[in-house]
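This is the structure I have questions about; it appears just below.
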Amino acid sequence: MNEELPHSDSRGHSFDEAGARNGDYREYPFPDNNNRGNTETFIDNLTGYPIINNPAAKSITVISADAQITGDLMTQGDLNMMGIIEGNVEIQGNMNMSGTITGNIVAGSATITGGKIEGDFFNSEGNVKIEEGAALQCNVAAGSLETSGSIVGDIEVQDGVVINATASVNGNITSRYITIKEGARINGNLKIGDF
């Protein structure tokens, strides 16, 4: 397919053969190298830049470091959380956290780079990564777990658990397999294997 790209006039306005301009869109057959499903790429005739239209794309909710929320938070997208939430959190996407949550959490997956979580449970069907300096005081259920931080509560993982050298766990661990690095501290029972 040999389609002509938009043209520009002397003022930099782009237009196609039909004269469309000022935000009109024209579809061009850009390859979808990222396998984003029903993604379509358009050229904005005003700017000449490609626009990606992905109906399946998730939204990102950002809670800044100076924000405090009292009440429950639910989102179908991702959450970047640096502030304080006093309430339950339910996220269908990924949670990136360095703030404080006092409440129960359900997330698709999570990366906890710092901060503190206090609640009854933290449930995730996906991967959970807890970095050094992060502290969880709750039971954790996940698809897989890697921790370099502190967990006070029981851990139940469908796949594998990695306890890194800087990690401390005060609770029972149940998983298919476990890797414990030298220096890690664990106070609890281990139940490892297929059950």
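Just so it is clear, none of the values below were taken in a lab; they were calculated from the coordinates. Note that the coordinates shown come from a computational prediction; the quantities given were computed from them, not determined experimentally. All Cβ positions, glycine included, derive from the backbone under ideal geometry; neighbour counts span all protein chains shown.
How many of the residues making up the stretch 88-106 are more than 15 Å from LEU136 (Cα to Cα) and not β-branched (Val, Ile, Thr)?
Kept after step one, since they are more than 15 Å from LEU136 (Cα to Cα), are these residues of the stretch 88-106: 90-94.
Next cut, not β-branched (Val, Ile, Thr) only: 90, 92-94.
Of the residues in the stretch 88-106, 4 are more than 15 Å from LEU136 (Cα to Cα) and not β-branched (Val, Ile, Thr).
Restricting to the stretch 133-156, what's the tally of residues that are hydrophobic (A, V, I, L, M, F, W, C) and crowded, with 23+ Cβ neighbours inside 10 Å?
Number of matching residues: 6.
What is the one condition in (1) closer than 25 Å to LYS191 by Cα; (2) touching a residue at least 24 places away in the same chain (Cβ under 8 Å); (3) of a type in the set (Val, Ile, Thr) that VAL106 does not satisfy?
If we test VAL106 against (1) closer than 25 Å to LYS191 by Cα; (2) touching a residue at least 24 places away in the same chain (Cβ under 8 Å); (3) of a type in the set (Val, Ile, Thr), just (2) comes out false.
Kindly indicate whether any position in the stretch 109-130 is acidic (Asp, Glu), without any contact (Cβ under 8 Å) to a residue 24 or more places away in the chain and over 21 Å from GLY87 (Cα atoms).
Within the stretch 109-130, none of the residues are acidic (Asp, Glu), without any contact (Cβ under 8 Å) to a residue 24 or more places away in the chain and over 21 Å from GLY87 (Cα atoms).
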